[in-house]
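The values are calculated or read from the model by the stated rules, or taken from the named source; none is laboratory data. Please read these numbers as outputs of a predicted model, since none were measured by experiment. Every residue, glycine among them, receives a Cβ derived from its backbone with ideal geometry; neighbour counts consider all protein chains shown. Surface areas here come from the heavy atoms of the whole protein model, side chains and all, with no ligands, DNA or RNA. Shrake-Rupley method; radii C 1.70, N 1.55, O 1.52, S 1.80 Å.
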Amino acid sequence: MMIRTALLIITLLYLSACTRTDEVQTLGGSAQGTTWHVTVWQPGGVNTDALKTKIDAEFERLDKALSNYRSDSMIEQFNQNKTTIAITVSEEIVSLVQAAQLVSEASHGCYDLTIKPLFDLWGFKGDTLTPPTTKQLAEVRQHIGFERLAIPSDEALQKTVPKLRVDLSSIAQGYSVGRIAAVVEAAGISNYLVEIGGELQTRGRKPDGSAWRIGLEKPLPGGRAVQKTIAINQDSPTAIMTSGTYRHYFDDQGKRFSHVLDARTGKPIVHNTVSVTVIHDNPTQADAWSTALLCLGAKDGLAIAQQNHIAALFISEDGDQLGEMPTDAWQALKEKNIEVH
């Protein structure tokens, strides 16, 4: 992904805390360049073979539509088409672009799905950092920006500059969590935990009636300690998404460059916020917001999260100390039977 470039840092604690693991069944595999796990239970048991077949089919469908790593995907066919006429895509893609556009506007343009050419320009795609010249940066910035992307219909997108490209990575994984959860629910299962690359959604409870428990990793390079534990003690779907800067960065001539780029400047962010976790009832929204708020950082992002009633936890680095800044909605999570310790 182009703007939320850190690995999500959620560690799952649900199995170790469950007292009746004989009723819990876990499926897993690889998809979207990462791993996935679906943990389910239902009175009377679950046909996991049939469920996995349906999950695999949905991942394949999502991949063909949304993947920026497949040249034959629908979104990449749009990107490769260097034209300014309207191009038919799908209602699914348009809805994701629209959702991201609203979050982009709220972030004052820091978050933007069209930023991939800048990511490539900086060399973040490979192993060598290549800071661009001012001229190179100015040239590429002529081909990015949501203002250069129109939505003429519910099933079409239109570029105003032919080289514009849309990268859905910063929102598609959260959306995929929701889609896989929908497959699970369609199978009649109301107690589950769906996780893709650390991004997750839960519903229901464990077999003993206790809450699903999620551990948030301390945002330090090389560390695996738990910063916070979240107990989700409610029956309705709940999504948790974390974006961070501390896993992916480059050190160059004594200076550290984050992989997270600010679309407004075309340059890596310079603030000291190292992770943002968002809890939301919509995994697509949670994904986009965690990315946008990380781009903004706590200083600017906290006020925007407050204005939009987002339950977010900002963690910033001050020397060798980590400081936490929760929004009001985060502090009010206990009223929704979500406890953070």
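Descriptive notes on the structure:
- The stretch 265-286, residues that are without any contact (Cβ under 8 Å) to a residue 60 or more places away in the chain, surrounded by fewer than 23 Cβ atoms within 10 Å (Cβ to Cβ) and either touching a helix residue (DSSP H, G or I) at 6+ places or on another chain (Cβ under 8 Å) or within 30 Å of residue 139 (Cβ to Cβ) (or both): 265, 269, 270, 271, 272
- Residues of the stretch 81-125 satisfying the condition of being of a type in the set (Gly, Ala, Ser) and open to solvent by 40 Å² or more (accessible area, probe 1.4 Å): 86, 95
- Condition check for residue 186: small (Gly, Ala, Ser) and within 21 Å of the chain's Cα centre (by Cα): no
- Sole residue being assigned to a loop (DSSP other than H, G, I, E, B) and of a type in the set (Ser, Thr, Tyr), chosen from 190, 170, 176: 190
- Options 247, 264; residue that is outside any strand (DSSP E or B) and modelled with pLDDT of 85 or more: 264
- Among residues of the stretch 58-76 that are within 15 Å of residue 96 (Cβ to Cβ) and among the small types (Gly, Ala, Ser), those with a Cβ under 9 angstrom from a residue that is at pLDDT below 95 and not in a loop (DSSP other than H, G, I, E, B), sequence gap 6+ or separate chain, pair up as 67/169.
- Single residue of the stretch 30-48 satisfying the filter (under 19 Å from the mean Cα position of the chain (by Cα) and open to solvent by less than 60 Å² (accessible area, probe 1.4 Å)) that is farthest from residue 171 (Cα to Cα): 38
- Checking residue 292 against (1) touching a residue at least 60 places away in the same chain (Cβ under 8 Å); (2) under 14 Å from residue 238 (Cβ atoms); (3) open to solvent by less than 60 Å² (accessible area, probe 1.4 Å), the condition it does not meet: (2)
- Search result, residues across the stretch 148-167 that are touching a Ser or Thr at 6+ places or on another chain (Cβ under 9 Å) and either part of a loop (DSSP other than H, G, I, E, B) or surrounded by fewer than 16 Cβ atoms within 10 Å (Cβ to Cβ) (or both): 150, 153, 154, 155, 160, 161, 162, 164, 165, 166, 167
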